[in-house]
Amino acid sequence: MYEYNICNHADEEIFTKQCNALEKNIPNIIKDELLTDVDDSKIQKYLLNDKVILVYNSNYENEVYVKSEIDLMPYFN
């Protein structure tokens, strides 16, 4: 599992921008469900070739980050 720290505090705008960046830069990515946790944290799920990519806006951990079953760096170089 790959993990990418995007922002060191929870931020709805940065979360949205990160989701948009994935959708723009990764061909064939499929936007799946948006989950909302009890603390109002959000998790956007994506699928790419049967692999899962999760974008978190975590109020509990107070950060925005991405967990992915594939390396995303080649899409952003």
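Rounded to the nearest 10 degrees, the inclination of helix 12-25 to the longest alpha-carbon principal axis of the chain is 0 degrees. List residues of region 46-73, by number, whose backbone nitrogen lies under 19 Å from a label position 7 Å along Cα→C-beta of His9. From region 46-73, the list is 56-66. With all protein chains in place and a 1.4 Å probe, the accessible surface of the chain carries 46 percent carbon and sulfur.
Per residue, the accessible area of the chain comes to 65 Å² when a 1.4 Å probe rolls over the protein heavy atoms.
Report the relative contact order of the chain, percent, no decimals, based on alpha-carbon pairs under 8 angstrom and at least 6 residues apart. Mind showing how you got there, number by number?
Working: 141 pairs, mean separation 29.1, N = 77.
Relative CO of the chain lands at 38 percent.
Residues within the reach of a label modelled at Glu69 (point 7 angstrom out along Cα to beta-carbon, backbone nitrogen below 16 Å), restricted to region 5-42, are 29-33.
Computed 3J(HN,Hα) for region 45-54, one whole-Hz value per residue from the Karplus formula 6.51 cos²θ - 1.76 cosθ + 1.60 where θ = phi - 60°, is 9, 10, 10, 8, 6, 6, 10, 9, 10, 10, glycine and proline marked x. Database remark: amide H of Glu63 closer than 5 angstrom to the amide H of Ala10, Ser58 (H placed geometrically; neighbours at sequence offset of 5 or more, or on other chains; Pro and chain starts carry no H).
The values are calculated or read from the model by the stated rules, or taken from the named source; none is laboratory data. All values derive from a computational prediction rather than experimental measurement. All Cβ positions, even for glycine, are placed from backbone atoms using ideal geometry, and neighbour counts span all protein chains on display. Note: accessible area is taken over every heavy atom of the protein model, side chains too, but ligands, DNA and RNA are not part of it. Shrake-Rupley method; radii C 1.70, N 1.55, O 1.52, S 1.80 Å.
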